[in-house]
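The values are calculated or read from the model by the stated rules, or taken from the named source; none is laboratory data. Quick caveat: nothing in here was measured; it's all calculated off a predicted structure. Cβ placement follows ideal geometry from the backbone for every residue including glycine, while neighbour counts extend to all protein chains displayed.
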Amino acid sequence: MNEVYAKIYFQEGKPIPETLKEHTENLLNELKRLRKLYEKDINTDEKFWESLKLACLFHDIGKISSLFQNKIKKILKEKQEIPKDLKKEIPHNYLSGIVFYSDDIKKLLKELGLKDYRKSIFYAVVFHHDRNIDFTEDYLKEVLEKDISKKIGFLNWLKNYGIKIENINVEKADILFSKITEYKNNSNSKVKDLKKDKFFILLKGLLHRIDHSASAHLPVEEERIYNVEQNLHFFIKNKKNSTLKPFQEKAKDLRDKNVLLTASTGMGKTEFAINWIGDNKAFYTLPVRVSVNAMYERFKEVFEEDKEKIGLLHSDSIFYGLKSLEKEEKDLEIEEHIIRTQTTRQFSMPITISTADQLFTSVLKYPGFEKIYATLSYSKIVLDEPQSYSPDTLAIIIKGLQEISKLGGKFCLMSATIHPFIKEYLKDIDNLIQLEAVFDKRKKHKIKLLDTSIDDEKILNKILDLYNEGKKVLIISNTVKKSQEIYKRLKEISMDNANIKLLHSLFIKKDRAEKEKQIKADFEKDQPVIWITTQLVEASLDIDYDVLFTEIATLDSLIQRIGRIYRKEGRTITEEDKPNIYILTENPSDKGKIYNKDIVNLTKDALQKYNEKILSDEEKQNLIEEVFDIKKIKDTNFYKTFEKNLKLLEYGYESESKSEAQRIFREILNVDVIPEKVYQENLDLIENLIEKILDKSTNKIEKLLNIQKLNSFTLSVPFFRIKEKPTLITSSKIRQKIFSVNIDYDNELGLRIDKEKAELGEIL
């Protein structure tokens, strides 16, 4: 009855308490694990580790609070007396701060030689949670006097760690309150400087990591992968019947460097990155989830014996691979899958394949951002295909690489084409190596510029002629609305029921997944097909088609589109061959709202000299240098947006929450919707799934599978694009909000913005 509890867990519906002593010891165990695995990589000293140990020991002391204990003991059906007039609970992390004003603790810090680090340890402890300050200085003093000071005896177990706290100094409540509000409001210049201090960022960040892992009963770090080179050589030899190329071999000599690598698609950038990573902790980032999933599978192939140590991290990673789990012992496999996903979310895997937002939102300094910065300080980051990001996002990423490299982290930025202004902003980073570009010398693409629009009748007939010649034709428009219009027109003018298909982002998940499967399968078949799609295929799908028809866009985007043609090994083109890339330069459907008009015009001008000529990979990079030259683009909205956001970050912009940071990084507030027609057709099933998700007797495995089934009927739409108010169909008890929208839908065309709600046409 006199136990002080820190946590409560539920096993088979029964509450299981964990004492404050047990929880703190769990933190110390995770601290030992972290130190054992990565001490050599975390660039710090013994004083740091002593400070971190004290932060772990002190972080939850405030949980002796009677009001906190009452909250837990109510669930356990135990009684807890609460001092008279104390009704509001003050967050335990703020109460923990009072111990730093104890003479015993001051003396301890002096004996340990940590007096100069007192402020860092104090703020790390007091802000290991970000909680509202909805209490007054007087009430804080009252709680300390009537409650906390009377319960110090519950901390006697700290003597096992050489810590004695005989009493607390209640009179320092005013100073404690002042320190809390200064930090929270960012109103003190010394506090502002502290927040930027490397020692403090590592201390607070690693305390977050250790506390979160201990609370989840998960390892703060999994065992490292030590046999990286062996795995890589074995994979290259057995899967590709080859050996590492010279530039890939060179990667191991650059492991202590930051690297910029320009290399053609298919030349082996990924193998270079793996060799560069070595046995270090690493995060491999890509712009979109589909690409991340594919790279995750590739890494699991390379590290076949250690594939359980490869993590997948994006907003839907909990659902990835569920369907492929074996039916036998499926519950056990799903349980392991959940644990592996949770471990990855704690950043505990030695190698994690991730979307960039999972890491770089931390650049916006939301409360607790230090958890990611501290982790990246001893990790390697691979940033693949950076040209796919918008100028807003690029500014965040560039600022992140600058700051993380100062903390000790290393990065490898690589692409088939790297913007020159990216190189400019990274050039002053220490230990930066810009490698000589590695280009594919084979000739694969011959372009033709056509001064007309993509839906011109002659163009549509040419597409059908190529189809009738047995070609696999890919059409890429800049908007969903235009892709739907082209699909309907081709269907109308095709006299022989041609094999014409459509893929864009406005299909519900189950239909989109099926179409993505089809588009990948169709290029393997020995029969013609026409696929009409959008930017969706630029970086996300590994496909290989015969001919491309595309609307004009900015050069970086066009190069990505071109890369979907003649992708397979051995496919080449000669000057005598007909073009396999047709770029339609007039009246692009986005009307300059997606692709910057000035850069599109620069692109059009630069491509003229290659009209009806072969465009090599080296020439593509030369064109990127030409089009994105800072002198040329400095007055464009594209560059102004990049520069403005970078300056904003340099001035110290901080977002209020992680969710706000994610929204800013992704640039748009999306909502999950089910088209009304789909909702009505599947009403009983959808309502049954929601009911099962809400049912407390549903185990977490069933719940997860039901959430996945429910999500299969949804698609993601920018909220501000929906004119009519959507209807919320999920309960407030379900974290994920799903709405129904009254916009027509069918599985052939997707969300029918071709006939109504035309403003949705700008969605990619």
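If you go through the range 117-139 and keep only what is among the hydroxyl-bearing types (Ser, Thr, Tyr) and within 28 Å of the chain's Cα centre (by Cα), you end up with just TYR123. For PHE200, indicate whether it is among the aromatic types (Phe, Trp, Tyr) and in a helix (DSSP H, G or I). When the stated conditions are applied, PHE200 passes them. Among the numbered conditions (1) part of a helix (DSSP H, G or I); (2) hydrophobic (A, V, I, L, M, F, W, C); (3) at pLDDT 90 or above; (4) within 28 Å of the chain's Cα centre (by Cα), the only one that ILE686 does not meet is (4). Residues in the range 654-662 include at least one that is surrounded by fewer than 18 Cβ atoms within 10 Å (Cβ to Cβ), modelled with pLDDT under 90 and touching a Lys or Arg at 6+ places or on another chain (Cβ under 7 Å). Can LEU194 be described as on the phi < 0 side of the Ramachandran plot and in the same structural domain as THR341 (by TED's automatic domain parsing)? No: the conditions fail for LEU194. Each residue in the range 396-420 was checked for being part of a helix (DSSP H, G or I) and either buried (at least 20 other Cβ atoms within 10 Å of the Cβ) or under 22 Å from the mean Cα position of the chain (by Cα) (or both), and 12 of them qualify.
Quick one: would you say ASP496 is touching a helix residue (DSSP H, G or I) at 6+ places or on another chain (Cβ under 9 Å) and either closer than 30 Å to VAL600 by Cα or of a type in the set (Lys, Arg) (or both)? Spelling it out, it is not the case that ASP496 is touching a helix residue (DSSP H, G or I) at 6+ places or on another chain (Cβ under 9 Å) and either closer than 30 Å to VAL600 by Cα or of a type in the set (Lys, Arg) (or both). Among the residues of the range 552-579, those identified as in a loop (DSSP other than H, G, I, E, B) and either without any contact (Cβ under 8 Å) to a residue 24 or more places away in the chain or polar (S, T, N, Q) (or both) are THR554, GLY570, THR572, THR574, GLU576.
Within the option set ILE201, ILE236, being outside the structural domain of GLY400 (by TED's automatic domain parsing) and either of a type outside the set (Lys, Arg) or buried (at least 21 other Cβ atoms within 10 Å of the Cβ) (or both) holds for one residue only, ILE201.
Could you list, in sequence order, all residues of the range 439-454 that are surrounded by 18 or more Cβ atoms within 10 Å (Cβ to Cβ) and either in contact with a Gly (Cβ under 8 Å, 6 or more places away or on another chain) or free of Cβ contacts under 8 Å to residues at least 60 places away in the same chain (or both)? Selection gives nothing. Of everything listed in (1) over 23 Å from THR641 (Cα atoms); (2) out of contact with any Lys or Arg (no Cβ under 9 Å at 6 or more places or on another chain); (3) not in a loop (DSSP other than H, G, I, E, B), the single unmet condition for PHE549 is (2).
Restricting attention to the range 701-753, the residues being assigned to a loop (DSSP other than H, G, I, E, B) and not charged (D, E, K, R) number 16.
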